[in-house]
Amino acid sequence: MTSLVVAAGSAYAFDVFEPEATNPSSAAGGAQAAIAESVSLQTALTTDLDGARAVLKSPDGKAAAKSARRALNTAIEDAERALASLKSVTTLASGTEVDASAVLEASDALDDDDVPAVTAALREATGAVVASGRQARLARAVSGLEESRDALKAAVADGEQVHAESAADAAGRDALRAALDGAGDLTAQADKLIARAAEVQTAAETKADASPAATAQAGTAQAGSAEAGAALKASANVLGDAGRLTKALAEAATGIEEAAAAVSAETADDAAEAEADATDPGADDTGAEPGDDTGTTDDTNTGPAGTCPEPDQVWSAENGHLSSSELAQIPFASGHYVRSDVVGALAELNAAYAAEFGVNMTINSSYRTYAEQEALYDPSSKTAAPPGCSNHGTGLAIDIGGGVAAFGSAQYDWLKANAEAYGWVHPPFAEPSGRNPEPWHWQSVKAPNSY
């Protein structure tokens, strides 16, 4: 039988024929059969076309490779032409034997393989778009999940450092501890979901290689195999879980950073008060900005010459004793200061960073007074340099949180590639192979040493 497709409303019941008709029942029967099958084929092809068009507009279709989308558009155009040609075969109102014969002749004139071949190509191209788009969406979701997981791990590392260096009675310390403890479960969930996504992707690729036709039908309005349908459902579940977990990871990282910032601020305030008490125990709090050396003596600002434990550290009497006129607040990080002659370049670097990642850089530490560095310094640890030896005391160093605080993260790699153009670098000592690996420590090229 032919692959004829006509509009359902054009089917004509050949039950009235002119007297001159010869063997009218034979012609009428053939025409009726041709029309009935044509209506069925038209319905199926129309359904496939609707499904293909819907797939192109779906998230999978939009994410699919351009080559797959082009192939589907071509298949859709071929199917539309075939459908138009088949619809052009109609019956005349008179219902004569001539009409019946015309239907049969038009039907016979069509290649029997045209519609099946066009339909098969359409379904295959539709399935290819679904498979391509789904794989692309899964890859993006996993990448975003990994980035958020790594950013949370970096926030945890920063937070643990702040927690360890804070006083036992510091306000907000318990809240920071709770935020840090809650992060472990989220990163474990992320690891499991990333592994599950890899399994789903591998399974989908295996099924596509083993049975392209089954995979193709899974993307159409036609019912595909149960196995292919289950694979699509599994990938959809992974996509949904990845979106929710990525958001939760980002919120947890933000919570830790905010809690750590609160504890750091109190620690800095306590250190400043301790310095003020040590310098002038009877002095009132004047509310001076960081670096304001009013009321200090020359001896305090230019203490005895000292030495540093590492060959790449340089001691200076001014370290940690800069005046407020030498410092400027970082525009995007309230309460943090660097030397006034480098703050402009840092702001420009942050603007480029924000354009790339959509958020400002997170500054966890900047200029430190001598007393603040003294409070952080632990001779048994390499985490902080001795007072007078750290570039934080020169106003030329910052510690950056967020994704930057993890080697190999997108944020860290971007800074490695771009920061020097703005006058900021990651020093050798802090490199992965350095004496004290610290991905978060960055400093101006004007720093007097490599620390």
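The values are calculated or read from the model by the stated rules, or taken from the named source; none is laboratory data. As the structure is a prediction and not an experimental result, all values here were calculated from the model. Counting neighbours? That spans all protein chains shown, and the Cβs are built from the backbone with ideal geometry, glycine included.
Residues are listed down the side, and each one gets a yes or a no for (1) within 15 Å of E310 (Cβ to Cβ); (2) among the aliphatic types (A, V, I, L, M); (3) modelled with pLDDT under 90:
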position: S381; (1), (2), (3): yes, no, yes
position: V404; (1), (2), (3): no, yes, no
position: N418; (1), (2), (3): no, no, no
position: A421; (1), (2), (3): no, yes, no
position: V425; (1), (2), (3): no, yes, no
position: P448; (1), (2), (3): yes, no, yes
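Out of curiosity, is A375 under 22 Å from A259 (Cα atoms) and either surrounded by 19 or more Cβ atoms within 10 Å (Cβ to Cβ) or outside the structural domain of D158 (by TED's automatic domain parsing) (or both)? Give the derivation first.
On the way: under 22 Å from A259 (Cα atoms): yes; either surrounded by 19 or more Cβ atoms within 10 Å (Cβ to Cβ) or outside the structural domain of D158 (by TED's automatic domain parsing) (or both): yes.
Answer is yes for this residue.
Here is a check on your reading of the model: is E438 of a type in the set (D, E, K, R) and more than 19 Å from E165 (Cα to Cα)? It would help to see each step written out before you state the result.
Working: of a type in the set (D, E, K, R): yes; more than 19 Å from E165 (Cα to Cα): no.
Spelling it out, it is not the case that E438 is of a type in the set (D, E, K, R) and more than 19 Å from E165 (Cα to Cα).
Yes/no matrix, rows are residues, columns are (1) assigned to a loop (DSSP other than H, G, I, E, B); (2) over 14 Å from L396 (Cα atoms); (3) at pLDDT 95 or above:
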{"site": "T300", "(1), (2), (3)": "no, yes, no"}
{"site": "A305", "(1), (2), (3)": "yes, yes, no"}
{"site": "P311", "(1), (2), (3)": "yes, yes, no"}
{"site": "L322", "(1), (2), (3)": "yes, no, no"}
{"site": "L346", "(1), (2), (3)": "no, no, yes"}
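From the residues in region 54-70 that are farther than 12 Å from S132 by Cα and surrounded by 14 or more Cβ atoms within 10 Å (Cβ to Cβ), which one is modelled with the lowest pLDDT? Before you say what the answer is, go through the steps one by one.
As a first pass, look at region 54-70 and keep what is farther than 12 Å from S132 by Cα: 54, 57-58, 70.
With surrounded by 14 or more Cβ atoms within 10 Å (Cβ to Cβ) added as a condition, the list becomes 54, 58.
Details: A54: 93, S58: 90.
The selected residue is S58.
Would you mind stating whether A121 is surrounded by fewer than 19 Cβ atoms within 10 Å (Cβ to Cβ), assigned to a helix (DSSP H, G or I), among the hydrophobic types (A, V, I, L, M, F, W, C) and modelled with pLDDT under 90?
Here the answer is no, as A121 does not meet what is asked.
State all residues of region 166-177 that are small (G, A, S) and touching a residue at least 12 places away in the same chain (Cβ under 8 Å); if no residue qualifies, say none.
The initial filter retains those residues of region 166-177 that are small (G, A, S), namely 166-168, 170-172, 175.
Once the filter is applied, which keeps residues that are small (G, A, S) and touching a residue at least 12 places away in the same chain (Cβ under 8 Å), region 166-177 yields S166, A167, A170, A171, G172, A175.
Residues to consider are A223, A197; find the one that is at pLDDT 75 or above, within 26 Å of A63 (Cβ to Cβ) and not charged (D, E, K, R).
The conditions single out A197.
If I ask for residues that are among the charged types (D, E, K, R), within 25 Å of A151 (Cβ to Cβ) and part of a loop (DSSP other than H, G, I, E, B), which ones from region 371-405 would you list?
Hit for region 371-405 is K382, nothing else.
Within region 140-152, identify whether any single residue is within 30 Å of D50 (Cβ to Cβ), touching a helix residue (DSSP H, G or I) at 6+ places or on another chain (Cβ under 8 Å) and either outside the structural domain of G403 (by TED's automatic domain parsing) or acidic (D, E) (or both), and answer yes or no.
Yes; the residues of region 140-152 include at least one that is within 30 Å of D50 (Cβ to Cβ), touching a helix residue (DSSP H, G or I) at 6+ places or on another chain (Cβ under 8 Å) and either outside the structural domain of G403 (by TED's automatic domain parsing) or acidic (D, E) (or both).
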